[in-house]
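Engineer: Please read through the structure below; I'll follow up with questions.
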Amino acid sequence: MKRVLTTALCFTFGSLLAQTASTYAGSQYQGNGRYNSTSNNPIATENYSRPFGLALDANGKIYITDEHNVQLIDGTTNRIRAGYLGDPTAAGAIGSDDGTGTVSRFFTPSGVAIHPTSNDAYVCDRYNSTIRKVSKFVNTSNGQIVSTYTGKASFSGGFKDGLLSVAEFNEPVDMVIDANGIMYVADFGNDCIRKITSTTVSTLCGNPKNPGFADGTGTAAKFDAISGICLENATSLLVADRNNKRIRRVNLTTGAVTTVISGLDAPNDIVVAKGNIYIMENFSIKVYNGSTTSVFCGSASTGGYTNGTGATARFEQLQQGMYLASDDALLVVDEGNNVIRKITLNPAPIADFIAVPTSATVGQTVILRNKSLYGQTFSWVITPANYALQSGSKLTDTLVYLTFSTAGAYSVSLTATNSYGSNTATKNSYINISNISGSAPVANFSATKTTLAVNEVVQLSDLSSNNPTAWDWSITPATFAYETGSTASSRFPNLRFTAAGIYSVTLKASNSFGNNSATKTNYITVSSLSAVGQVPALMIGVYPVPASSYLRVNLSAHKGSVNAALISTDGRVRHMWTALQGDQFRLNLPDQLEAGVYFLRISDEQFSNSIRISIER
């Protein structure tokens, strides 16, 4: 009798990093039964039918199991190497026949693993309750031989330890092979982990045919619907215990079972990569960083099919996954969409920017603001070149101040680059400049930041239209000082605030035709947190936005350790983190912190900057 999984409850977690999901292989559809009548097809047009398992061999070939086949991704070609070549719903598609290539038959092949020395593939033939061996791929001219390695072909399954020739399984669903060639099998129908050496099968842990939940050693431990396993390291195995909604850890020497992660939805598989544990659930990939679990990509409660970044991506019934080091990405089987999906762990940049304003007059300041994700260096191009950079701006800055000398439409491009690639965003005829004469200015301005600390420097920027020629700034209260030679009559003054408070700013802009004033009341909030002084801006990337329980922070190159402060809009410091190390780190948010808008300020011994964030609870 086949096992029925319990219905899973859904919990909502915030996204950790906005990573990008794309379709790696397969032609998307829902349901099953599509197939290609030829053995070799482009990966983009391959019709999988309920794909399930993934494994990478020593030569970079990717094995995929689907409804009744074992297939291989060889570069950009998908090759059907074993099982039925044809309609997977046909009467002749199911069987347990050994043989070469498509002479062989399977009954829902599931997990697959590669032997570390022979490069042979071993497959959990789930509903035959056997472990099958598929000889290594040599080339397309040589068929791969399928044989039964251990287990008795039986739809009802069984349970028996002993020699390979007498051992019995009940729906083996996943397997791994360690560096010594020892195999570990998730025996789904028996709720236990089986160990296979070169001669015998034994039970490492779990209570056969007695599902439940219990940590313990050997048969004292209990599982309920083991759906996936992976080697965490040379001494421990991780188990996706689906009906218990947990990830369990097994000591491979003692068989002791402990719980690593609780409170999940429906874990189907796990992958260990770059110090994190990634968990494939029905509609999302979650990540555990050693203390907290969050949605990494997709939605915990909503399925579908969408390629996109972070929470915008959609999946439908995820199954097995693996880490593809060559792409620094996860590959996951999206069974419900019949495709293989790729999720980047360190994505290439996504370039984006805005201009303020996009309609201006000759001589009026226009600010270009970099809105790119993941970029480390940047390069701007403005055409035609009838412009002048202002306030010391460079075309490699993230904030660029410029004025235009000639009326017309201007196009802007921004190229963002990091160690994983580059991306360019272009907006044609984006900024429109008019030539208005004989009019008084219309005053306007902005600040580089509006929430900062005592002794931190902020720049005010004139944005007035109609070509002003004189400026008069007024700031209240008067607990500030002009910096770097600027004065109240500078177009781009720099101010250092010497006391905490909320400041209002007024600009009077004049030309020969008159003047105009603009006031922004309670515009700048200064907290009592000490600043590092007048320094260049530190580039900050923060995810997720909005945040819930923590923030992941990515920084550009900086010097020494980093301090961080969370500041509310009234200028109060709500939380601080000190002596943070590295260019990437995690900030756990205090439980008592209210939902709302905050400013995250990051500083080291040389750099400082703030970024606006929102928190949802």
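The values are calculated or read from the model by the stated rules, or taken from the named source; none is laboratory data. Computed from a predicted structure; not experimentally measured. Counting neighbours? That spans all protein chains shown, and the Cβs are built from the backbone with ideal geometry, glycine included. Areas reflect the complete protein model, heavy atoms only, side chains present, ligands, DNA and RNA absent. Shrake-Rupley method; radii C 1.70, N 1.55, O 1.52, S 1.80 Å.
Engineer: With the other protein chains left in place, how much accessible area per residue, in square angstrom, belongs to the chain at a 1.4 angstrom probe?
Structural biologist: Heavy-atom accessible area per residue stands at 38 Å².
Engineer: Ok, one more. Any idea how far the Cα center of the range 364-395 sits from the one of the range 256-280, in Å?
Structural biologist: 44
Engineer: Same structure, new question: With a Förster radius of 35 Å, plug the Cβ-Cβ distance of A500 and A388 into 1/(1 + (r/R0)^6) and report the FRET value to the nearest 0.05.
Structural biologist: Once the sixth-power term is evaluated, E becomes 0.40.
Engineer: Here is a follow-up. Amide H of C205 versus every other amide H placed in the peptide plane: which residues, excluding those fewer than 5 positions away on the same chain, fall under 5 Å?
Structural biologist: Those qualifying (amide H under 5 Å, at least 5 residues apart or on another chain) are I193.
Engineer: Please report, as a whole percent, how much of the solvent-accessible surface of the range 355-491 comes from carbon and sulfur atoms (probe radius 1.4 Å).
Structural biologist: Answer for the range 355-491: carbon and sulfur cover 49 percent of the accessible area.
Engineer: Next question. Given I247, T312, V173, which one lies farthest toward the positive end of the charge dipole of the range 170-314, if we put +1 on the Cβ of every Lys and Arg and -1 on the Cβ of every Asp and Glu?
Structural biologist: T312
Engineer: May I pose another question? Under a point spin-label approximation (7 Å from Cα along Cα-to-Cβ), what is the T77-S141 distance to one decimal in nm?
Structural biologist: My value for the distance between the label points is 1.3 nm.
Engineer: Right, something else. Loop only per DSSP, at most 14 neighbouring Cβ atoms within 10 Å: give me the trypsin sites (Lys or Arg not before Pro) in the range 201-289, ordered by residue number.
Structural biologist: K209, K274
Engineer: List, in order, the whole-Hz ³J(HN,Hα) value for each residue of the range 257-274 obtained from phi through the Karplus relation with A = 6.51, B = -1.76, C = 1.60 and θ = phi - 60°; use x for Gly and Pro.
Structural biologist: Whole-Hz 3J(HN,Hα) from phi for the range 257-274: 10, 10, 9, 9, 9, 10, x, 7, 8, 8, x, 9, 6, 9, 9, 9, 8, 6.
Engineer: Okay, moving on. What does the net charge come to around T506 if you take all other residues with beta carbon closer than 9 Å to its beta carbon, with K and R at +1 and D and E at -1?
Structural biologist: Surrounding charge for T506 is +1.
Engineer: Suppose R0 equals 51 Å; then what is the FRET efficiency for N59 and K371 from their Cβ-Cβ distance, rounded to the nearest 0.05?
Structural biologist: E(calc), rounded to 0.05, equals 0.75.
Engineer: Straight-line reach from K274: which lysines fall under 19 Å, measuring Cα to Cα and dropping same-chain residues less than 8 apart?
Structural biologist: Result set, ordered by chain and number: K286, K342.
Engineer: Among (i) 32.9, 128; (ii) 25.2, 79; (iii) 30.4, 100, which one is Rg and Dmax of the Cα atoms in Å computed from these coordinates?
Structural biologist: Recomputing Rg and Dmax of the Cα atoms in Å here gives the entry labelled (iii).
Engineer: Still on this model: Which distance in nm do the two modelled labels at S561 and S202 give, with both placed 7 Å along the Cα-to-Cβ direction?
Structural biologist: Computed distance between label sites S561 and S202 equals 4.8 nm.
Engineer: Of V185, F159, T148, which is farthest towards the positive pole of the range 148-200's charge dipole, taken about the Cα centre with +1 and -1 on the beta-carbons of Lys, Arg and Asp, Glu respectively?
Structural biologist: Farthest towards the positive pole: T148.
Engineer: At a threshold of 8 angstrom on Cα-Cα distance, excluding pairs fewer than six apart, so keeping six or more, what relative contact order does the chain reach in percent?
Structural biologist: Averaging sequence separation for qualifying contacts and normalising by length gives 9 percent for the chain.
Engineer: If R0 is 22 Å, what FRET efficiency do you get for A153 and A179 from their C-beta distance, rounded to 0.05?
Structural biologist: The formula returns an efficiency of 0.15 here.
Engineer: Separate question: What is the Cα centroid distance between the range 96-129 and the range 136-177, reported in whole angstrom?
Structural biologist: 6
Engineer: Antiparallel DSSP bridges in the chain: what percent, to the nearest 5?
Structural biologist: Bridges in the chain that DSSP calls antiparallel: roughly 95 percent.
Engineer: Sticking with this one: List the lysines whose Cα sits under 24 Å from the Cα of K520, skipping any in the same chain fewer than 8 residues away.
Structural biologist: K449, K508
Engineer: In nm, to one decimal, how far is the modelled label at V166 from the one at A220, with both set 7 Å along Cα→Cβ?
Structural biologist: Inter-label distance under the simple model: 2.9 nm.
Engineer: What does the charge count around Q30 come to, taking other residues whose C-beta lies under 15 Å from its C-beta (Lys +1, Arg +1, Asp -1, Glu -1)? Can you show the working numbers first?
Structural biologist: Numbers: positive: R34, R50, R314, R341; negative: D66, E67, E316, D334, E335.
Once all neighbours under 15 Å are counted, the net charge is -1.
Engineer: Working out 0.36 nm times the residue gap between T484 and S301, then minus their Cα-Cα distance, what length gain in nm do you get to one decimal? Provide the component values of the computation, followed by the final result.
Structural biologist: Working: separation 183, 0.36 × 183 = 65.88 nm, distance 5.38 nm.
60.5 nm is the gain from fully extending T484 to S301.
Engineer: What value in Å³ per residue do you get for the convex hull of the alpha-carbon atoms in the range 37-132?
Structural biologist: Hull volume over Cα atoms, normalised by residue count, gives 88 Å³.
Engineer: Lysines within cross-link reach of K160: Cα-Cα under 30 Å, excluding same-chain residues under 8 positions apart?
Structural biologist: Answer for K160, where 30 Å is the Cα cut-off: K2, K133, K136, K152, K195, K209, K222, K245, listed by chain and number.
Engineer: For the range 363-500, rounded, prolate or oblate, judged on the Cα gyration tensor with a ≥ b ≥ c (square roots of eigenvalues), a/c < 1.5 rounded, else prolate if a/b > b/c? Intermediate results must be reported in sequence, preceding the final value.
Structural biologist: On the way: a/c = 2.74, a/b = 1.22, b/c = 2.26.
Oblate is the answer for the range 363-500, as a/c is 1.5 or above yet b/c matches or exceeds a/b.
Engineer: When the label point is put 7 Å from the Cα of S39 along its Cα-to-beta-carbon vector, which residues of the range 101-138 have a backbone N closer than 13 Å?
Structural biologist: Residues passing the 13 Å test: 101-104, 137-138.
Engineer: Could you tally the net charge around G228, taking each other residue with its Cβ under 10 Å from the Cβ of G228, Lys/Arg +1 and Asp/Glu -1?
Structural biologist: Here the charged neighbours net out to -2.
Engineer: Suppose we keep just the DSSP beta bridges with both residues in the range 44-188; what percent of those would be antiparallel, to 5?
Structural biologist: Here the antiparallel bridges make up roughly 95 percent for the range 44-188.
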